[in-house]
Every structure is written in C-alpha cells, then in structure tokens.
Ligand SMILES: Cc1cc2nc3c(=O)[nH]c(=O)nc-3n(C[C@H](O)[C@H](O)[C@H](O)COP(=O)(O)OP(=O)(O)OC[C@H]3O[C@@H](n4cnc5c(N)ncnc54)[C@H](O)[C@@H]3O)c2cc1C
C-alpha cells in the first residue's frame, strides 16, 4: 500500500495519521482538514478555551509536527469519493488518489426546529463557534441554553460562574438523561442549581421571538418564557454520512463498519464519531461521540493497515467537566438490572456501578478519578463476579481488581 488518504483532521483523523507513522508506515499520508484552523481539540471549547481563548493550548499537535512526520496536511472539503478510480475530489477541484481511504468526518449539529427558524441560536461545535460565543459573552447578561446534555451543562456552568443569569430548557425530565443514572443526573442538577442555574425540564422550545439587538424570548411548550440575550443549543449531533452514502457505502446511524472498522468497501475504513460499529460491550452496533473512541478507533485501523489485524474491543470511556465537578463514565450507559452506589453524593465524591446480565456494564464516577481508572479495567475484564464485592463499601475499588480471574485484569483495546 502506497497512499493513505484521511478525510477529517479532528481527533480521529489526526490520531490515525500519526499512528500510521508510529507503526512504521512509509507510504504517503494525506490528511484533509475541512476547517480553517490547524487541527485542534474539541473538548476545551466548552471548558477551558471558553475562558482563556488560548489557541496554543488546544492544538492537537504542534503545527510543525505534521511536516516532521511527513504527513501532508491539505486544506479542503471532500465532495466526492470515486470508488472505481479510488480517488477523492475536493471542493478545490483537486483529486486525491488513494490505496486506502479513512473516513473521519465526525458529526453535524442537530438544529433547533421552531416555526420562525433558528436564526440567532448559537451552536458549539467548532473553534469558530467558540470564538463567536467568547466574543459575545462580555455583553451577555442572560443566557438561555437549549439542551441539558454535556455541552449545554458545561456552557451553563461556565456562564453561571461568570455571574450571568442562566436558564436551561430540556425536553427530558432530568439532565443528561440519555447518558447517566438518576443519581448522577440529580447530583449535577442540584450542583448547577446551587450555582444559580434555573432549569425548565420536561418541556421543549415552542418558539423563539427575536427582538432588537441580541435579545430573544423563548416560549417553552409548557407556556413558560425565558428572556435571553444569548441563546445556545446543544441538542445532539448527527453522523456525517452523506459523502459515504453518495459513494454507495452502507450507512445507518453512522457509516457502517465491521469489527475491524472496515466499511462495506475493503479499501475504505471509517472511524470516530461518524462510524457505527459492533462492540463486545454492546448487544447491537453502536456509534459513540468521545475522544477515547476517536483515538482508539484510529489506532485500531492504523494497526490493521500496518499488518496487525485485530478486532476493535476497547472499553468506552468519557468525561465531562461541569463547574468544579468532574464526571467520568466507563462502559456504556443504558438499562441496568442492578446498581451499586459507592461513596457519598453529599460529599461530592461517589460512583454508580451498573450491572447488566450479571456483568459490570458501566461506572459513573463523580470526582473519583482513581475509581474511574479501576472501573475501566474491571469492565475490560468482563468479569461476572463483582456485584457483591462492589456492594461492600468496605472493599476499596482497587481491591475489586483482586477479584478478577488471573490474567483477566487488563482491559482489551
Ligand atoms: C464542545 C464540545 C465538547 C466536547 N467535550 C467532550 C469531552 O469532554 N469528552 C469527550 O470524550 N468528548 C467530548 N466531545 C466530543 C469529541 O470532541 C468528539 O467525540 C471527537 O471530536 C470526535 O472526533 P472525530 O475525529 O470523530 O470528529 P471531529 O473531531 O468532529 O472531526 C471531524 C472533522 O472532519 C471534518 N470534515 C467533515 N466532513 C468533511 C469533508 N467532507 N472533508 C474534509 N473534512 C471533513 C470536520 O470539519 C471536522 O474537522 C466534545 C465535543 C464538543 C463539540
């Protein structure tokens, strides 16, 4: 194989390019960057970067690292994949031939749907979005956040800490409902309320009325009104599947890949937020939106393309920083048939161990980074013997590792 083209220079695409070099690939690596900015990390956009505005702190790699590793960083947006000729056409008109193509094209924001349209509603996805929001904050007194998911709550925490009036509206009856247990959800709602955030849960946004200047009134489906001079929505994303679908690749809730992250065309792989993949940790194929998933997918494909073909089996994990609290989740959220609370929510340090079919399925840790690290190993071991030990608060998290069968105590990646 001589030429590998990677579309998308986000977490997954960048990691794939460097992992190929680290694994000794000597052919040509072209990384297509669809954004104006040099490749950067997304998580800080709703965290530290919103405060500091320091671009140098969020670069994925030093700008010189690409040339140093002989990675051709090309600016442009891919508009067509010609699978017969094995080439990608960019918006600039340039054609990039490939022996193997890696799709790392991420997601697009779900937009707020109200009769008068979402003009004036801000989203937080790119560095450009973050810069626009940062520019608006000094003149903003009242913030309306649509969506009580991770990004919405991180932004709510940041702006509440700056003394702004912050109101959050969400159709769900609890915050982060899709991704966390009731205990964790309640804990965070209280912490945000204590910081001054006001919630309108169990109701959507029926209409947004725009007034002179930046002012807006949000009418909720329950008849409530929220006055704001900045409206930010974080209501989820959709995988970027259009390019793949037009090329005739299978797509579903993401670009469909097999256990080796290969699409229905063996010359094309898909990784990161855009890929729907089978996982030993889930009964049906999944799509994840996390830095861990993007990085581990990238490493898995880079290994395969350099001769080490292994199915993808990494333990999923995720984090979110909200105010002074850190939430870390190992494994996959979802239904649980048994749940164990370890630690003390009153003291702002606890974990929720959730079991499905006798196996540890997920652990949500609040301000317990050591317990989170242990949880990743426990879930990776797929042990069936832990529920009773985990229920015993006297058994320290590290000791739980001792209950694993020998040779079983390492998470598989
Ligand atoms: C504000 C924010 C905060 C987050 N916080 C966390 C967090 O705390 N923890 C966590 O684990 N995850 C977090 N995430 C999610 C995490 O950033 C994503 O899971 C991760 O970026 C996925 O990497 P990716 O490479 O698959 O996609 P992306 O990073 O989205 O990169 C995809 C890239 O592909 C480009 N692209 C798309 N189409 C084309 C095309 N046709 N041609 C060329 N380029 C194209 C896009 O412009 C983009 O640059 C956060 C995300 C956001 C937006």
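The values are calculated or read from the model by the stated rules, or taken from the named source; none is laboratory data. Bear in mind the structure is a predicted one, so any value in this text is a computation, not a measurement. For neighbour counting, all protein chains shown are included, and Cβ atoms are generated from backbone atoms with ideal geometry for every residue, glycine included.
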Would you mind telling me which numbered condition in (1) under 23 Å from residue 72 (Cβ atoms); (2) within 13 Å of the ligand (Cβ to nearest atom); (3) part of a helix (DSSP H, G or I) residue 44 fails? (1)
Residues being crowded, with 18+ Cβ neighbours inside 10 Å and touching a residue at least 60 places away in the same chain (Cβ under 8 Å): count how many of those fall in segment 78-108. 14
Surrounded by fewer than 19 Cβ atoms within 10 Å (Cβ to Cβ) and modelled with pLDDT under 95, is that true of residue 219? no
Residue 56: passes all of (1) assigned to a loop (DSSP other than H, G, I, E, B); (2) exposed (fewer than 14 other Cβ atoms within 10 Å of the Cβ) but (1)
May I ask you to list the residues in segment 1-14 that are part of a strand (DSSP E or B) and more than 8 Å from the ligand (Cβ to nearest atom)? 3, 4, 5, 6
When residues of segment 275-292 are limited to those that are farther than 17 Å from residue 263 by Cα and not in a loop (DSSP other than H, G, I, E, B), the one farthest from the ligand (Cβ to nearest atom): 292
Which one of the conditions (1) away from the ligand (no atom under 14 Å from the Cβ); (2) in a loop (DSSP other than H, G, I, E, B); (3) out of contact with any strand residue (DSSP E or B) (no Cβ under 9 Å at 6 or more places or on another chain) does residue 314 fail to meet, given that it meets all the rest? (1)
Count - residues of segment 15-33 that are near the ligand (Cβ under 10 Å from one of its atoms) and closer than 13 Å to residue 70 by Cα: 1
Could you grab me the full set of residues in segment 118-135 that are away from the ligand (no atom under 16 Å from the Cβ) and modelled with pLDDT of 95 or more? 135
Expected single match for assigned to a strand (DSSP E or B), touching a helix residue (DSSP H, G or I) at 6+ places or on another chain (Cβ under 7 Å), surrounded by 17 or more Cβ atoms within 10 Å (Cβ to Cβ) and modelled with pLDDT of 95 or more among 199, 188 is 199
Among the helices (runs of 4 or more DSSP H) contained in segment 321-403, which hold 3 or more residues that are within 15 Å of the ligand (Cβ to nearest atom) and within 25 Å of the chain's Cα centre (by Cα)? 369-381
Residues to consider are 273, 229, 252; find the one that is touching a strand residue (DSSP E or B) at 6+ places or on another chain (Cβ under 9 Å), touching a residue at least 12 places away in the same chain (Cβ under 8 Å) and surrounded by 23 or more Cβ atoms within 10 Å (Cβ to Cβ). 273
